[in-house]
Amino acid sequence: MEQTAKKRSDDEILSEIDRSYKYGWQDDDSYGKGAKRGLDEQVVLEISRYKQEPQWMLDLRLRALEGFRTIKDPAWGVDYSALNFDQLKYYVRPTDKQVSNWEDLPDDILATYEKLGLPEAEKKRLVAGVAAQYESEVVYNSIRKDLEEQGVVFLDTDQGLKQHEALFREYFGKAIPFDDSKFAALNSAAWSGGSFVYIPKGVHVKIPLQAYFRINTQSLGQFERTLIIADEDSYVHYVEGCTAPIYSEDSLHSGVVEIIVKKGARVRYTTIQNWSNNVYNLVTQRALVEENGTMEWIDGNIGSVATMKYPSAILAGEGANAETLSITFAGPGQHQDTGAKMIHLAPNTKSSIVAKSVSREGGRCSYRGLVKIVEGAEGSVSNVLCDALLVDNNSRSDTYPYVDVKEDDVLMGHEATVTKITDDQLFYLMSRGLAENEAAAMIVRGFIEPIAKELPMEYALELNRLIELQMEGSVG
Amino acid sequence: MSKLVIRGLHASVLVKADNGDEVAKEILKGVDLEVESGKVYAIMGPNGSGKSTLAYTLAGHPKYVVTSGTAELDGKDLLQMTVDERAKSGLFLAMQYPIEVPGVSVTNFLRTAKTALDGKAPQVREFIKDLNSNMQSLKMDKKFANRSLNEGFSGGEKKRNEILQLKMLQPKIAILDETDSGLDVDALKIVSKGVNDARKTTDLGVLLITHYYRILDYITPDEVFVFADGKVVDKGDAGLAKRLEETGYDKYVDA
């Protein structure tokens, strides 16, 4: 009898998990070598000057820099004390000009995106537009002609500011003011890249727009800034993916995503965050939803050493609707502090939060959520469901649900469960021929199925593959 | 032709004592049994006599610890194998309380199990055809295939689902642990027919654990073993099972 289920040593298991991160290659980081470390007025001035920004944006950056220095660290969430803000590089420009043909990219950057499969996805028409950000700048941006002709705007945010300044004056910082938090301030001071999307009234973009963020330089801070405006009765699905090489020095990703959902419009925003385990991912995402508008956040957190991310919606108009579906994995050394915030400001608004987490091999997942319903938001409904799955005994899950309801005429539901993969479950599946890790992977896949089925196909498949790799040696 | 040979099998279960310590309590006290392809062996006996423990010990549940004795399937030592290796060797256990696995459809589960057992994925077309015809003969609704494994299934549905797995996975030796309990007479007939069909197509050997005679009206045993206090205490033919129905197990149990 061959012994297939031989016990692995801890070292073997760990090295297997490291290998399972297939985006961890390092390209030559000559672009970032000379970049200055630390953030001060000089760096902010240089970013703004290089981008030839209007004075009001520079003023905003400088006020935000002051905010970053004075606003206190949050008293909750993950421990990022190991991150040295003075050691980070805040702006790295990989190439002088942005292109709309992949072939026009420098060879090394093109090779990176080919490895990630982006040109292929665009060729296959899986996406309607692609933005690729490398370090601090969007190096590739394209959108299908027919959408452009309908008035759809899909630009990097720097170009967006140049070409649509009036919209920026109205909406930049509206959902997330620069002094919202320490990290909103940091992003507002140092932002570069990200996407600007405008969908005209009544236009439905049926195939997703895709953004891809890649950090290559060691110790980089990436501060992309995304602003999406969906005008009345329009629809768009925006998908964001993130990866980085494995380095010994930590990097920081601190993006800000603001979404304006106008009357009757619907926006879906899907993130699959798979940073390498030396990236701190401290992100702010918030939508402002007007009358009868719908915001859907689909949030997948797999990578990073530590994440704080709570996709939020301010339901500002009557009948506005928001949903956050989130799936989070934490493995060795990872702490994922994720959840959602729903702020009901108007009558008959609806929100739903479904958060699932999987902790294994000492990983820690925290659900942190807020549901706030103000006086006068009568007839509002909110439902929260959080389920945690513990793969083994040394992993951890916490739940921090905050509820602040000032209106009587509302419906609130909250349900939380913590389950552990049991011997009986493993035994049942193994008695049908599945090896222990296959059985555990099947239980995990089943657990996240309600969210995985909401993902675009190629992401769902990728997620399945990741689960299988991560479950190797996870149990027993 | 397959053969399961059990010799002098002793096994304990880990239980929590009053002071909180885990202690081993001996349940199986020297079981001798042989199960051959194509035949049906009924094991009957009172509650707590160790019938189910025998089933779970053979399948390899971690709660049970073998202290002595042997169990070999076609000359290979079952007791040294992991649970999945036992399944791959051809052993199947239809459980009394099948476990729920939310989010995993019956189809997906069966296809994954089939792939694991055969070492290669089954042809999709063939597989679906097999699944449909097996479900039909077990009078299972088509929608069943897309439901989460055992989640929200009624007792009867769970038992049918176990027999569906038996038919799809085609083991050499199947242990049925009280598959008849909780079934009404119609369901009992359907499930029994499923087992008999499997025997016809694959020359399956069956070790059938039950409290009651009635399933033996539909699945005729070649041999009947009476189990009491962790070992086989009597054996005979179907007539023995019939007599037990009237007299009960009193004479096998110490007063």
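Checking each residue in the stretch A:394-443 for being open to solvent by less than 60 Å² (accessible area, probe 1.4 Å) and among the basic types (Lys, Arg) picks out only A:Arg432. Within the stretch B:196-255, the residues that satisfy the criterion of being of a type in the set (Ser, Thr, Tyr) and open to solvent by 70 Å² or more (accessible area, probe 1.4 Å) are B:Thr201, B:Tyr212, B:Tyr218, B:Thr220, B:Thr247. Of the residues making up the stretch A:342-358, just one is touching a residue at least 40 places away in the same chain (Cβ under 8 Å), open to solvent by 10 Å² or more (accessible area, probe 1.4 Å) and within 20 Å of A:Leu288 (Cα to Cα), namely A:Val354.
The condition (being closer than 20 Å to A:His253 by Cβ, in contact (Cβ under 8 Å) with a residue 40 or more places away in the chain, in a helix (DSSP H, G or I) and open to solvent by less than 10 Å² (accessible area, probe 1.4 Å)) is satisfied by just one residue among A:Ala184, A:Ala175: A:Ala184.
When the test is whether a residue is at the interface with chain B (Cβ under 7 Å from one of its Cβ atoms) and closer than 21 Å to B:His61 by Cβ, A:Ile443 passes it. Number of residues in the stretch A:187-229 that are touching a Lys or Arg at 6+ places or on another chain (Cβ under 8 Å) and buried (at least 23 other Cβ atoms within 10 Å of the Cβ): the value is 12. In the stretch B:221-246, the residues that are farther than 11 Å from B:Met44 by Cα form Cβ pairs under 6 Å with partners that are part of a helix (DSSP H, G or I) and open to solvent by less than 60 Å² (accessible area, probe 1.4 Å), at six or more places apart or across chains, as follows: B:Pro221/B:Ala238. Kindly check whether there is at least one residue in the stretch A:92-114 that is open to solvent by 30 Å² or more (accessible area, probe 1.4 Å), in contact (Cβ under 8 Å) with a residue 40 or more places away in the chain, in contact with a His (Cβ under 8 Å, 6 or more places away or on another chain) and not small (Gly, Ala, Ser). Checked the stretch A:92-114: no residue is open to solvent by 30 Å² or more (accessible area, probe 1.4 Å), in contact (Cβ under 8 Å) with a residue 40 or more places away in the chain, in contact with a His (Cβ under 8 Å, 6 or more places away or on another chain) and not small (Gly, Ala, Ser).
Inside the stretch B:132-153, can you point out the residues that are within 14 Å of another protein chain (Cβ to nearest Cβ) and either surrounded by 11 or more Cβ atoms within 10 Å (Cβ to Cβ) or of a type in the set (D, E, K, R) (or both)? Listed by number, the residues that qualify are B:Arg147, B:Ser148, B:Leu149, B:Asn150, B:Glu151, B:Phe153. Any chance the stretch A:283-293 includes a residue that's out of contact with any strand residue (DSSP E or B) (no Cβ under 9 Å at 6 or more places or on another chain), open to solvent by 20 Å² or more (accessible area, probe 1.4 Å) and not in a strand (DSSP E or B)? Scanning the stretch A:283-293 turns up at least one residue that is out of contact with any strand residue (DSSP E or B) (no Cβ under 9 Å at 6 or more places or on another chain), open to solvent by 20 Å² or more (accessible area, probe 1.4 Å) and not in a strand (DSSP E or B).
The values are calculated or read from the model by the stated rules, or taken from the named source; none is laboratory data. All values reported here derive from a predicted model rather than from experimental measurement. For neighbour counting, all protein chains shown are included, and Cβ atoms are generated from backbone atoms with ideal geometry for every residue, glycine included. Calculation scope for accessible area: heavy atoms of the full protein, side chains included, ligands and nucleic acids excluded. Shrake-Rupley method; radii C 1.70, N 1.55, O 1.52, S 1.80 Å.
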